[in-house]
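The values are calculated or read from the model by the stated rules, or taken from the named source; none is laboratory data. Nothing here was measured: the structure is a model prediction, and the numbers come from that model. All Cβ positions, even for glycine, are placed from backbone atoms using ideal geometry, and neighbour counts span all protein chains on display. Side chains are part of the model used for accessible areas, which takes the heavy atoms of the whole protein and leaves out ligands, DNA and RNA. Shrake-Rupley method; radii C 1.70, N 1.55, O 1.52, S 1.80 Å.
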Amino acid sequence: MPELPEVQTIVNDLNSAGLTGCRIIGARVFWPRTIAEPSPGAFCRRIKGKQFTAIDRRGKYLVFPVDDGATLLIHLRMSGHLNLVRTNTPRTKHEHVVIRFADGRQLRFHDPRKFGRLQLVADPAIILNRLGPEPLSSGFTASVLASRLKKRRRLLKPLLLDQTFIAGLGNIYVDEALWEARLHPCRQACGLAAPEIKALHRAIRRVLKRGLKNLGTSLGTGKANFYSVSRRRGRNSDQLNVFRRAGLACPRCQSPIERIIVGQRGTHLCTKCQRVVPGLPR
DNA sequence: GTCTATGTTTGCGG
DNA sequence: TCCGCAAACATAGA
């Protein structure tokens, strides 16, 4: 669920809360598998007495450099949330890891589906360098995208979801970007014409910036939905043009949005605006 | 009550 | 290289 705009919103919230520089007085783990490395016991011992020197993001990872040189990486996967609460707040059912700070606050990792992971590593680059370019960085130009697309024969949808191709996109923003760029999710990456690549580049950046401006996308009322720190909702769902809108009118041409499966993922598109073979009727 | 789908990532087999 | 599938889980919605 949390994609780049949602993760960045959480990072911003944690920074506003002034979490960097707070002394960590201890940690507790209630679901061991949530700690990918080291062991839960070692994790608690090593983080105790330290502090975060910054809070950052790379792709969908939250990145917390620790003052002893290690780095805490958090990946929220499907249903992870972070709650920042006072010490005396009762622990809720799905809060699997609690990090206690000297100022009486706690950062709690809440994750009903238990897919999310925390890892404390010596060298985060080993993990983060695998990721593709940051789509909102200045280095991510249309020509960078073009040269990467040219080398790949895969379909656009699964390729854009591949974090080693481009970092931070998930199902929501890929569908939105492809609609915005008028590209069918089943187009082959190496088959795009130059103007189409430019349109895709613009669309990716536009939908991510819009998501960020709206503090992320929160859908419905479900518990497995995106909330920023301490359950604050984003309002980007109002801005979605196709995602979870099957049967509703395409905002551009009024024909109904369809939902198909591409690469085993639910995919939303307008088959009138987004043609597999451009120029030809579907 | 039962069944299905789910916004992520990884690893496997073909 | 690329694809499909399963697994890690809980919950919402039909």
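A few notes on this one:
- Boolean, A:VAL11 is in contact with an Asp or Glu (Cβ under 7 Å, 6 or more places away or on another chain), farther than 12 Å from A:ARG100 by Cα and buried (at least 18 other Cβ atoms within 10 Å of the Cβ): yes
- Between A:ALA199, A:ALA189, A:ALA177, the distinction of being open to solvent by 10 Å² or more (accessible area, probe 1.4 Å) and modelled with pLDDT of 90 or more belongs to A:ALA199 only.
- Residue list for segment A:16-40, restricted to those being in contact with an Asp or Glu (Cβ under 9 Å, 6 or more places away or on another chain) and within 30 Å of A:ASP162 (Cβ to Cβ): A:TRP31, A:THR34
- Any hit, segment A:257-270, residues being away from DNA strand C (no atom under 16 Å from the Cβ) and hydroxyl-bearing (Ser, Thr, Tyr): no
- Screening segment A:163-181 for residues that are within 23 Å of A:VAL276 (Cβ to Cβ), of a type in the set (A, V, I, L, M, F, W, C) and within 12 Å of the chain's Cα centre (by Cα) and picking the one that is farthest from DNA strand B (Cβ to nearest atom) gives A:ILE166.
- Scope segment A:246-282; condition part of a loop (DSSP other than H, G, I, E, B), touching a residue at least 12 places away in the same chain (Cβ under 8 Å) and within 12 Å of DNA strand B (Cβ to nearest atom); matching residues: A:ALA246, A:GLY263
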